[in-house]
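Values quoted throughout were computed directly from the atomic coordinates according to the rules given, and no laboratory measurement underlies them. Note that the coordinates shown come from a computational prediction; the quantities given were computed from them, not determined experimentally. Because the Cβ atoms are built from the backbone with ideal geometry, glycine has one as well, and the counts that use them run over all protein chains shown.
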There are 2 protein chains.
Amino acid sequence: MKEVYVIGAGCTPFGDLHTRDAVAMAREASFQALEDAGVDISDIDIFYVGSVRSVTSGSFLGNALGVRNKPVTRVENFCASGMDAVRQAAIAVMSGQARIALAVGVEKLRDATRRGLGFRSFHPVFVFGATPPGLFALAANRYMHTYGIGRETLAKVAVKNHRNGAKNPLAHFRKEITVETVLKAPIVAYPFGVFDCSPVTDGASAVVIASRDVAEGLGKAQVFIRGFGLAVMHTEPMYDPSFKYTGFPVTTEAAGQAYKMADISRPLEEISFAEVHDCFTMTEILNYEDLGFAEKGEGWKLIEEGVTELEGKFPVNPSGGLKSFGHPIGATGARMIFEVYSQLTGRCGERQVKNAHTGLAHNIGGPGTVSTVMILSLRS
Amino acid sequence: MKEVYVIGAGCTPFGDLHTRDAVAMAREASFQALEDAGVDISDIDIFYVGSVRSVTSGSFLGNALGVRNKPVTRVENFCASGMDAVRQAAIAVMSGQARIALAVGVEKLRDATRRGLGFRSFHPVFVFGATPPGLFALAANRYMHTYGIGRETLAKVAVKNHRNGAKNPLAHFRKEITVETVLKAPIVAYPFGVFDCSPVTDGASAVVIASRDVAEGLGKAQVFIRGFGLAVMHTEPMYDPSFKYTGFPVTTEAAGQAYKMADISRPLEEISFAEVHDCFTMTEILNYEDLGFAEKGEGWKLIEEGVTELEGKFPVNPSGGLKSFGHPIGATGARMIFEVYSQLTGRCGERQVKNAHTGLAHNIGGPGTVSTVMILSLRS
């Protein structure tokens, strides 16, 4: 396998960005990433943009960045769109078709713009009323019933991620909360209260990927892409009567691909920290198990025992996660790679994970249908 | 560059497929392509699906094909979506991340289904009333004025493509027409009558790409991907007051990339035939010039002199083109690769191009914003 490197990353603040449309956000994140990498837009050979709803065609980046006469492709894969854009950029560099690639994830959800016609109608899921909170609440109820945990355990995920996010200048919500706040919040879909749910957020993030030669030439050959995986299911699991609801097999498959490529067999020992898809508090606990950080039915212990706290043995979502950093759908996966890169290069200030050498990023998208995993490591 | 091969292709009939939804069409084209390639679905390492409107996320192919635990990515790039899917599949095989890849293009336009919520509202172009016929008619009027040609010349493009399509069992319209029919048809946007416009069509097409090793092992190393290009513009040219309307620079750029990769300097001599994006009769003539088949302002001579007829020196759209084969947006680019592969392997019956060794496929998408070009050659 050809070794490819992350050489720069950028990210807008996430939140309620009423003054910035998708174009402005993509531009801001991209030029930050280019500046960080020390390359010019004209040095980029190939571009990918991941977005579920806010972008039509690759020409979006043509507009946003003033790119012309270069290949730009839009990829869409539900909540995995941003990380898939990064993955395609890595594949393009591996193929030799590009020496340097830019991947951008972007989503405008807080209001309707010319390019983002609003969130609601985009998928039959929402048209039929089977909203994400309702669907993931089924998983939460089933898990709580099966393994005997209460809402307090879920709440601790939110408390941890808000605590981390409070240290993150780019996060949507920078406010610590207590278990009591989570438990007393209005219920969205039992057992989820408002604080069990990730918010509706605007944002964009961008990552520059380069071949080993280029990265070495720029003095930027620190962080390489050690492995990645993407898996889809042959059904929409959460609508399938046979679905077990106590985990997402698609995550396990994507992780299996990434671990194989990265030659990792004991993730909890060989990886320093992870950014996982905590769209709901319950999801983070399921992710622990699906990603092999805990045995089946024991993921909740990691949160109860403080293992995944910023100061714990295996920090999860040091960024604040979807819960606190926010969740602009197509941006989230690219934002996670931004975070992992920032952590590995020691730039995270108050939320810095100590001695981080390897980080994992993970998305799950749709009704349990798609998952991406990517692993970055410091070059030894 | 790692040489990659097309080893199989499939295509549904194009037309008014009221009994088949996007899933059924994608399945039909895919399994045809797999059978043609002599491989099983389980042999495919990576999947791409191109669609503008009928597909949400890579899990669409999970559903359609019963794929699970494999990477599937949806790409979207206006009318270039299908060819971009083929291009991504080629890049993935070049990268070594896949030995065999399947690319599918699909679009359901004739009626609304659960997965295709209808055509009209998908882009601001249509919301604002600047429809494709209106926009491309601006180009036609400008070209006719500048170079002094009449509607009769445009009509001859439609007559040629219908003549070819009448020989194509998969074409939407299999009926020869006359210049008189074209000229007397109701006007859609002057100078375009109904017969100057490509139809609204359902359809899917699929292509199997493999590494040289795999292709040789299967005895299928006949047709290789010799070059490709994809370019976007930094504006939406057809809305730009400075746009000249007598050609699409984005096509010239995409072709330049492909010619460079394929080491082609005299396209008209080195290429045997082409499938070009004749969304309107005028577009085909502009394509001749933009692709370097004719000098600026002289493309119309190729049609007047019969050069691009099936029996001419340089056949263009032997399939019948978008005009007669039909234009299911995201499917069209993959359908072109199906046609070029079918021609190069001598399977086209009545519409077979004689002594074809190299074929070019071309899309233009959006308001002049994106173009793809791909060149396939017989292995010498």
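Remark: relative contact order (the range A:200-359) = 29 percent; criterion is Cα-Cα distance under 8 angstrom and separation of 6 or more residues. Can you give the net charge of the other residues whose Cβ lies under 11 Å from the Cβ of A:ALA221, counting K and R as +1 and D and E as -1? It works out to a net charge of 0.
Output the relative contact order of chain B, whole-number percent, from Cα pairs under 8 angstrom with separation of 6+ residues. Please list the in-between numbers first.
Values: 954 pairs, mean separation 97.9, N = 380.
Rounded, it is 26 percent for chain B.
Each other copy holds its own label point for B:VAL194; taking that point as 7 Å from Cα along Cα to Cβ, the gaps run 5.7 nm, nearest first. Approximating the spin labels as points 7 Å out from Cα along Cα→Cβ, the B:LYS354-to-A:GLU216 distance works out to 5.5 nm. Only beta bridges with both residues in the protein assembly as shown are counted; by DSSP, about 75 percent of them are antiparallel. Output the 0 to 90 degree angle, nearest 10, between the alpha-carbon long axis of helix B:281-290 and the longest principal axis computed from the alpha carbons of chain B. It works out to around 70 degrees.
Quantify how strongly other chains surround peptide B:309-321 by giving the mean number of their Cβ atoms within 10 Å of each of its Cβ atoms.
What the average comes to for B:309-321 is 0.
Label-to-label distance for A:TYR190 and A:MET1 is 4.6 nm, based on points extended 7 Å past Cα in the beta-carbon direction. With label points defined 7 Å past Cα in the direction of Cβ, position A:PRO241 shows copy-to-copy spacings of 6.4 nm, given to one decimal and shortest first.
Classify the range A:1-85 as rounded, prolate or oblate, taking a ≥ b ≥ c as the square roots of the eigenvalues of its Cα gyration tensor: rounded when a/c is under 1.5, otherwise prolate if a/b is larger than b/c and oblate if not. Before the final figure, lay out the partial values.
Values: a/c = 1.34, a/b = 1.23, b/c = 1.09.
Rounded shape, in that the Cα axes give a/c under 1.5.
Under the shape rule built on the C-alpha gyration tensor, where the axes satisfy a ≥ b ≥ c, the range A:166-277 is oblate, since a/c reaches at least 1.5 while a/b does not exceed b/c. Relative to the longest principal axis of the Cα atoms of chain A, the long axis of helix A:151-165 makes an angle of roughly 30 degrees. Can you list the lysines whose alpha carbon is less than 23 Å from that of A:LYS244, not counting same-chain residues fewer than 8 positions off? List returned: A:LYS296, A:LYS301, B:LYS70.
Looking down the axis that turns chain A into chain B, the chain A residue with its beta carbon nearest that axis, and the gap rounded to whole angstrom, comes out as A:SER95, 2.
Applying 1/(1 + (r/R0)^6) with R0 = 30 Å to the Cβ-Cβ distance of B:THR178 and B:SER242, what FRET efficiency is obtained, to the nearest 0.05? Working shown, then result.
Values: r = 39 Å, r/R0 = 1.30.
Computed FRET efficiency for B:THR178 and B:SER242 comes out at 0.15.
If neighbour count is taken as other Cβ atoms inside 10 Å, put B:LEU183, B:LEU109 in order from fewest to most. Working shown, then result.
On the way: B:LEU183 17, B:LEU109 25.
In order of increasing Cβ crowding within 10 Å: B:LEU183, B:LEU109.
In nanometers and ordered shortest first, the copy-to-copy spacing of the B:LEU268 label point, defined 7 Å from Cα toward Cβ, is 7.1. Remark: spin-label model distance B:ARG266-A:ASP43 equals 4.0 nm, labels positioned 7 Å along the Cα→Cβ axis.
If you take all other residues with their beta carbon under 11 Å from the beta carbon of B:THR251, and give Lys and Arg +1 and Asp and Glu -1, the sum is -3. Using a Gaussian network model of chain A in which every pair of alpha carbons under 10 angstrom is joined by a spring, one finds that among A:SER57, A:SER242, A:SER81 the greatest mean-square fluctuation is at A:SER242. Each helix, a run of at least 4 DSSP H residues, gives -39500 (n - 2.57); summed and divided by the residues of chain A, these come to -11000 deg cm²/dmol at 222 nm.
A Förster radius of 30 Å combined with the Cβ-Cβ distance from B:GLU311 to B:SER380 puts the calculated FRET efficiency at roughly 0.75. Shape of the range A:244-380 from the C-alpha gyration tensor: rounded (a/c under 1.5, with a ≥ b ≥ c the square roots of its eigenvalues).
Can you compute the FRET efficiency between B:HIS145 and A:ASP111 using 1/(1 + (r/R0)^6), with r the Cβ-Cβ distance and R0 = 51 Å? Round to the nearest 0.05. Mind showing how you got there, number by number?
Details: r = 43 Å, r/R0 = 0.84.
For B:HIS145 and A:ASP111, the calculated efficiency is 0.75.
The DSSP beta bridges internal to chain A are antiparallel in roughly 75% of cases.
Across the range B:327-379, Cα pairs under 8 Å and at least six residues apart give a relative contact order of 31 percent.
So what's the angle, to the nearest 10 degrees on a 0 to 90 scale, between helix A:249-262 and the longest Cα principal axis of chain A? The helix A:249-262 is inclined about 40 degrees to chain A.
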